[in-house]
Structures are given as C-alpha cells and as structure tokens.
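The values are calculated or read from the model by the stated rules, or taken from the named source; none is laboratory data. In this text the structure is predicted, and so the values were computed from the model without any measurement. Cβ coordinates were reconstructed from backbone atoms using ideal geometry, including for glycine residues, and neighbour counts include every protein chain displayed. Calculation scope for accessible area: heavy atoms of the full protein, side chains included, ligands and nucleic acids excluded. Shrake-Rupley method; radii C 1.70, N 1.55, O 1.52, S 1.80 Å.
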Amino acid sequence: MRRPRGELGPRAPRPTEGAICAGPGEPWSPSPNSMLRVLLSAQASSARLSGLLLLSPVQPYCLGPSKWGDRPPGGAPHAGPVQGLQRLLEQARSPGELLRWLGQNPTKVRAHHYPVALRRLGQLLGSQPRPPPVEQATLQDLSQLIIRNCPSFDIHTIHVCLHLAVLLGFPSDGPLVCALEQEQRFRLPPKPPRPLQPVLRGGLRLEAALSCPRVQRHPQQHLIRSLAEARPEDLTPHVVVLLAQHLARHRLREPQLLEAIAHFLVAQEAQLNSKVVQKLVLPFGRLNYLPLERQFMPCLERILAREAGVAPLATVNILMSLCQLRCLPFRALHFVFSPGFISHISGTPHALIVRRYLSLLDTAVELELPGYRGPRLPRRQQVPIFPQPLITDRARCKYSHKDIVAEGLRQLLGEEKYRQDLTVPPGYCTDFLLCVSSSGAVLPVRTQDPFLPYPPRSCPYTTRDPAQRVVLMLRERWHFCRDGRVLLGSRALRERHLGLMGYQLLPLPFEELESQRGLPQLKSYLRQKLQALGLRWGPEGG
C-alpha cells in the first residue's frame, strides 16, 4: 500500500456553539426539536431539510475537488488512498455504508474524514423523499469512532464536527458533544479575567457612555435618549457639556435632551462661567432649536452681562449661537461693538476669528434688527464672513452634487450664463448664481455685475438695476439635522441673509437630486426648476 503524501490541515473558522450522541449500550433519541427528529420522521420536504442543514451541495474544503484543485485549505495535497476514501465517503448510499468505510480502513482514515462522514449523513437523510432507516447502533458506533479519534483533530475539524453534530440533533449532554466541547476548550487559549468595573450611576454613567469612542463614532439616538433619564442632581457641567457636544457633532436634534440642557443652564446659572456656557448653547444654534424654557434667554443675558469682559471669545461664540436663533440681545451687542472691546481683542491670538464673528453679527444687525440704534462694527474692522465654502462642504466634496449640477447647467445654459462658488458681499459663498433680466431672460454673467449692493438700505441705487440675481442653493444631506427636515443653523442663516439682501433663492434639495438617474434626467429637472421661476434662455450650450 502506498504511503500517504500528506494530511489535511484546514484553516480554523469561527467557533460554533456546541451541542451532541449516545455511546454503546446507552439509549439514544433525538431531542424534540432536533433536525434528526425531522429527518427520521420522513415527513419533511427536501427544501426544508436543506434549509435545516444549512449546507450547500458542495463544499470545497471537504467535498472533493474545487477551484483550488485537490489541496484541502491549509494542508498538503491528498494522498491517493486518503483521497480515495474521501470519495467513497462522499458517494456512500446509506449510513451503514458510511460506517463500514470508516471502520474497515483504519490506516487510511484521517481527521478530515469524520466531518465528511457527518456531512454525508445529513445529505443522505435530507436529500431523499423517504430517508433510509437509521439504526441506533450505527449512530452510536459513528459517535464512538469520533470520540476515540477527536484528540488528534485540529481545532477546525473539532468545530466542524461539533457544528454538524448539533445540526444532526445529537443530545447536548451526550458523550459525542461533550467530548468535542472538551477538546474545543483544550484548543482555545484561556480568556483573561475581566477587570471589575465600578458601578456607575446617574451622571457618571452618562459621562462614561458619552466618552466612549464607539459611541462617538457611531451615535445611537436611542442610547442618547435614555441618558436623559439621569437625575438632575447627578449631572455636572462636564457631563452636560459632553452631551451638548455630542448632539452638535452628530446633528442630533433631540428636543428632550436639548430641553434638559436648557433647564440645567438655568438651574446652574450662578455656577457657570461663559467658557462653559458657550459649549452648552452651541447645539441650540447649530441645530436651529430655540428651547421652550422661558428663562433661557433672560439667563443668557445675565451671564453675558456678568462675563462679557472676562472671556471675549466665549462671549462672541455665545452671540453667534444666538444669532442663528435670531435672538440677539441689544445690551450684549452694545458691549461687543464698543471701541474698548474691539481694541481689547485686536492684540489677542484669536483677533481674526473674533473680527469675522463680529462682521457676521454686524450683518445680522443690518439685515434683521432695524430697531437697533447702538454702536456698530467700524468698516475698517470688517472682514469677509465666509470667504470660501464651509469646512463640511470641502470635507465631503466627493459626495456632493455640485459637479453634476454644474455640468447640467453648462449643457443647459452655457458656461457664460452662470457663476459657481462666487462669494458675494458681505462674504457669503453661493453655489450657482444667475443674472436674469426683468423679462426673465438669463443674461451672460460677464455683462452684468453679479453682486447686489451691500448694505441694501444705505445704497440709493438698489431700485435702478432691473436685473435679478438668482442663487441656486444646494441642500445636501449634511446641511440638515440628522432627521433630514430642519436646516442647520448656519445654513438657515446664510439663506435668510441672502434673501434679505435681495437674492432670489432656488433651493435644490438632496432628496430631489438623489432621485435623478443620470445627466439627462438632471438636466430635465433643472429645466423644470428654472422654468418654474419664469426664466428663459436660448438653445442648449456645449
């Protein structure tokens, strides 16, 4: 007889929970819900049995040749007699024949032959309308063969045999499953004991959850809602700041939690400084949410009056959030526009960012607060508000619809009849801008001044220019709160100010853009949008 050239050494898959067969002389019957009980009843259809087996007709690693040839995964090529025995097992026509091939060829049997035999047993019982009868002695002898030889199995073979034994319905407390489970435990490295975790309650549990990197990467709204159940006395400023930052970062407009933050701010007013308050009010402006708490604004006005001269940047940050909510307090504006405050911040490291925020606040005063009569930001101190697309748009440019909309406009109108990413005074970046005559004709942009004068009230020529400026505003998915219905505060502020300056806005919502399949559909969509405004143009360009 030829000497085998190699043995099976397959790779180990994921472990499978075990469950098992009676030994010689022991009574055995399948468990009430076992697959073997179904098989022995001969009442199940082949489709149902195949589903129970969870086995495809051919598995490369143990059912003969595959696209990798005759090499079992992770092992050497099959030797001739060994490979011949595997084929005999695969072609066995009854459970008794399976047992005969294994018992009569002890020198040729390798570890990988036992999973083949178990798998073939399941196929025999599940592939025929009337499965052949199975004698208990046959099953007991097969289980004893596996029990005697399982100490020589590798971990993969143990996993496969255990999995198949469970599917075939061997009792979970029988010798076969017990032996396989014991061998499996010997093969697996011991798990180190888990360190004792302190019992976290109330605010500590909230802090631990919000500080977890997994929660920060994958926000779970139901988890965040449950954190609102912490008792107020257990909450600390640090914990509530973590919650506020989490809501703002992930655009979670959760009224219950936002109201809890507002209530905490009012209740802890005396203990909070402006550096903490700026973080607590951040989600309200970003998420465009004005709380129902009646003392929210009076509380902030008192904090601003008390802390404005202590932390200039924090003061301006608080006002920026309130600007997005259209709730600017006149007294705080008097302070930040005063010559003393402007002179104080000029020599600080954050002077440029503060001047940019003050420029936006001055724009809000110009456009939204006609009753304000206090000091304003001097013209020489003003800087462009947003001189370039926002950071979120630059970071997600590959997901944006801007490129395909630009191509649609180019083919529809021609390159000379729109401007892309144009920043208009006092510093708002527009997605696409069109100049339109009083009759609705789209004009070449180079023949027109694309900018409307700013400030609009102080310019005597605002009524002399008959051309309209139409701004196409992309409303991408990330321009909204997580629920997809409310624009983020910064987006709503930009659209509100552009409209107040006289620009006609044409929003392009992401739901509509995502529903367009290809450039032809998008061009048709843009044509309908422009025609709905009464615009007209010549033949398509490009």
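Observations, loosely collected:
- When Q324 is tested against the conditions (1) open to solvent by less than 40 Å² (accessible area, probe 1.4 Å); (2) modelled with pLDDT under 95, the lone failure is (2).
- Of all residues in segment 333-361, those being surrounded by 15 or more Cβ atoms within 10 Å (Cβ to Cβ) and in a loop (DSSP other than H, G, I, E, B) number 1.
- Filter pass, P283 being touching a Leu at 6+ places or on another chain (Cβ under 8 Å) and assigned to a loop (DSSP other than H, G, I, E, B): no
- For L300: the one exception among (1) over 27 Å from L498 (Cα atoms); (2) in contact with a Cys (Cβ under 9 Å, 6 or more places away or on another chain); (3) part of a loop (DSSP other than H, G, I, E, B): (3)
- Tabulated pairs, segment 367-388, first over 23 Å from R331 (Cα atoms), second open to solvent by 60 Å² or more (accessible area, probe 1.4 Å) and not in a helix (DSSP H, G or I), C-beta under 7 angstrom, 6+ apart or interchain: none
- Filter result for L505 (within 27 Å of P283 (Cα to Cα), open to solvent by 50 Å² or more (accessible area, probe 1.4 Å), more than 30 Å from the chain's Cα centre (by Cα) and not aromatic (F, W, Y)): no
Conditions tested, residue by residue: (1) assigned to a loop (DSSP other than H, G, I, E, B); (2) hydrophobic (A, V, I, L, M, F, W, C); (3) at pLDDT below 90.
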site	(1), (2), (3)
T463	yes, no, yes
V470	no, yes, no
L513	no, yes, no
P520	no, no, no
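- Of the residues making up segment 249-280, those that are small (G, A, S) and closer than 20 Å to G309 by Cβ are A270, S274.
- Within segment 479-490, restricting attention to residues that are surrounded by fewer than 16 Cβ atoms within 10 Å (Cβ to Cβ) and not acidic (D, E), the residue that is modelled with the lowest pLDDT is G484.
- Residue list for segment 276-311, restricted to those being farther than 12 Å from A332 by Cβ and surrounded by fewer than 16 Cβ atoms within 10 Å (Cβ to Cβ): L292, R294, Q295, P298, V310
- Qualifying residue in segment 442-454 (condition: of a type outside the set (A, V, I, L, M) and in a helix (DSSP H, G or I)): yes
- Residue within segment 391-414 that is among the aromatic types (F, W, Y) and surrounded by 19 or more Cβ atoms within 10 Å (Cβ to Cβ) present: no
- Count of segment 243-271 residues which are open to solvent by less than 30 Å² (accessible area, probe 1.4 Å) and either more than 19 Å from W478 (Cα to Cα) or more than 26 Å from the chain's Cα centre (by Cα) (or both): 7
- The sole residue among Y428, Y418 that is open to solvent by 10 Å² or more (accessible area, probe 1.4 Å), of a type in the set (F, W, Y) and modelled with pLDDT of 90 or more is Y418.
- Residue in segment 500-507 that is within 20 Å of R396 (Cα to Cα) and at pLDDT 95 or above present: yes
- Within segment 431-448, being open to solvent by 30 Å² or more (accessible area, probe 1.4 Å) and either within 44 Å of the chain's Cα centre (by Cα) or of a type in the set (G, A, S) (or both) holds for S438, S439, L443, P444, R446.
- Criterion violated by A260 - all others in (1) aliphatic (A, V, I, L, M); (2) touching a residue at least 40 places away in the same chain (Cβ under 8 Å); (3) in a helix (DSSP H, G or I) satisfied: (2)
- Restricted to segment 391-415, and to residues there that are part of a helix (DSSP H, G or I) and of a type in the set (K, R), the residue that is modelled with the lowest pLDDT is R394.
- Some residue of segment 300-308 being more than 38 Å from the chain's Cα centre (by Cα) and at pLDDT 95 or above: yes
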